[in-house]
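Let me begin by presenting the structure, written as structure tokens, before commenting on it.
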Amino acid sequence: MNSTGRNGPGRPPRLSRERIADAALQGDVATLTMRELATRLGVAHSSLYRWVPDRDGVLDLVSEVMVGRVLPEDEPDAATWLDWLERLAWAMHDEFLAVPGYAAHVARPHRHHLASFERLHGKAVAAFRAGGADTRQAEQNWSVFGLGVVRWLAAAGSAPAEPPFGLYLGTLLRGLPRHDEGHRPGA
């Protein structure tokens, strides 16, 4: 590497994973094509394939970025787990709705970017565990919470959704059990 920070003579790379993800987030993710993305980036269509294998690869980059944006930086514990989940849901609300088509994309069955999904899943399950749920119940709570939030956001992305998100979220979180109801302690 030379003193300019480049690996050799010539122009610096015009593309990076970050630039590709940022450009993908500038329009409707649900209808994004590789040609449209190349146009946004000002590069040849074929140049993208040096960085991502296909549209799914672009969506994987977008998932990495979005999970990084929505996950609270702190770790949930017994005192903060509910607040942590509320902050996660509100961050999802703000970030997902800021990108046209993103909530609808996430709500549809699709191949999830495993590393991003596992980060989100693991942190949310840890929050439910911190709130008193056993492993089985924490997994079930994550399924209900994750699906509920994403479906509300997908509906809101296409039309005003009712009830308002704050009311929906509060009702959702109050309704999730903190322990396996089939195995109540002392029963």
Candidate set from the range 134-165 (those that are touching a residue at least 40 places away in the same chain (Cβ under 8 Å) and open to solvent by 50 Å² or more (accessible area, probe 1.4 Å)); member that is farthest from THR80 (Cα to Cα): SER158
Output for Cβ contacts, cut-off 6 Å, separation at least six or different chains, first residue farther than 13 Å from THR33 by Cα in the range 43-56, second open to solvent by 20 Å² or more (accessible area, probe 1.4 Å) and not β-branched (Val, Ile, Thr), reads VAL43/ARG14
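Per-residue answers, yes or no, for (1) over 27 Å from ARG17 (Cβ atoms); (2) aliphatic (A, V, I, L, M):
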{"position": "VAL70", "(1), (2)": "no, yes"}
{"position": "GLU75", "(1), (2)": "no, no"}
{"position": "ASP83", "(1), (2)": "yes, no"}
{"position": "ALA155", "(1), (2)": "yes, yes"}
{"position": "ALA159", "(1), (2)": "yes, yes"}
Does the range 122-133 hold any residues that are surrounded by 15 or more Cβ atoms within 10 Å (Cβ to Cβ) and either within 19 Å of PHE165 (Cβ to Cβ) or over 19 Å from the mean Cα position of the chain (by Cα) (or both), and which are they? ALA124, ALA127, ARG129, ALA130, GLY131, ALA133
Any idea which of ARG69, ARG87 is in contact with an Asp or Glu (Cβ under 6 Å, 6 or more places away or on another chain) and either closer than 22 Å to ARG151 by Cβ or open to solvent by less than 70 Å² (accessible area, probe 1.4 Å) (or both)? ARG69
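The values are calculated or read from the model by the stated rules, or taken from the named source; none is laboratory data. All figures in this text were calculated on a predicted structure; none of them were measured in a lab. Cβ coordinates were reconstructed from backbone atoms using ideal geometry, including for glycine residues, and neighbour counts include every protein chain displayed. We work out accessible area using only protein heavy atoms, side chains counted, and drop any ligands, DNA or RNA first. Shrake-Rupley method; radii C 1.70, N 1.55, O 1.52, S 1.80 Å.
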